[in-house]
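Asker: This is the structure I want to talk about, given as structure tokens.
Since every read-out is calculated from the coordinates, none of them should be taken as a lab result. All values derive from a computational prediction rather than experimental measurement. Ideal geometry is used to build each Cβ from the backbone, glycine not excepted, and the neighbour counts take in all protein chains shown.
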Amino acid sequence: MTRAGILSVAIPLFLVVSFAQSTRAETKDVQRVQRFEQVISGHVTDLNGKYKFRVSEVTYQPGGYVGDHDLAGPGIRVIMAGEFTYVKGDKTTVYKAGDAFFEPGDMTHRAYNRGNMILKVMNIEIIPADFSGPALIPPQH
């Protein structure tokens with residue numbers, strides 16, 4: 001392969017890797033396990049094939065956090081264990097095991113486990129059908 005050919009492959013690959021690394025939200029001691037994913041089909045035909053449901057279990061160790069981020073789509077969060085500290089702008093809300101809340105996705109926020117026990121959150125999301133990877137995206141606002 002010529003040098004021009006190598007550069008034509010290497011430069012776009014470098015840009016993709018650099019963009020992916022620079023667009024991740026800062027995290028510490030947070031693990032995500034995807035439990036279910038299905039492209040939507042059914043009677044709501046405007047959604048068919050365009051979006052998918054995804055269910056993920058996210059575990060935050062004590063002191064774990066996700067820095068400023070938006071989301072690829074809206075979702076419901078169910079706190080399964082521990083206490084979830086959710087910070088949006090200058091408002092902080094603490095959710096406890098058994099609580100659930102709606103997250104629109106288009107608002108920059110942060111999430112923390114400020115407790116001394118493991119925090120488990122079940123994320124139920126609607127995201128674009130062709131979206132892959134964690135639904136965390138860089139702040140858009």
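Asker: For the modelled label position 7 Å from the Cα of K50 along Cα-to-Cβ, which residues of region 110-128 have backbone nitrogen atoms closer than 15 Å?
Answerer: Only 126-128 fall inside the zone, counting backbone N under 15 Å.
Asker: Right, here's the next one. Around A97, which amide H atoms from residues at least 5 apart in sequence, or from another chain, sit under 5 Å from its own amide H, with H modelled in the peptide plane?
Answerer: The list, which skips near neighbours in sequence, is G82.
Asker: How big is the dipole moment of region 37-83 about its Cα centre under a simple scheme where the beta carbon of each Lys and Arg is +1, that of each Asp and Glu is -1, and everything else is neutral? Debye, nearest 20, please.
Answerer: Dipole magnitude for region 37-83 comes out near 180 debye.
Asker: Sort 32-38, 42-48 by packing, meaning the average of other beta carbons within 10 Å per residue, with the highest value first.
Answerer: Those peptides, ordered most packed to least, come out 32-38, 42-48.
Asker: Summing +1 for each Lys or Arg and -1 for each Asp or Glu, what net charge is found among the other residues whose Cβ lies under 12 Å from the Cβ of R54?
Answerer: Charge balance in the 12 Å sphere: 0.
Asker: If N is the number of residues in region 53-132, what value comes out of its Cα radius of gyration divided by 2.2 N^0.38 Å?
Answerer: Output field value: 1.04.
Asker: Averaged over all directions, how much area does the convex hull of the C-alpha atoms of region 96-141 cover when projected, in nm²?
Answerer: Here the figure is 4.4 nm², rounded to one decimal.
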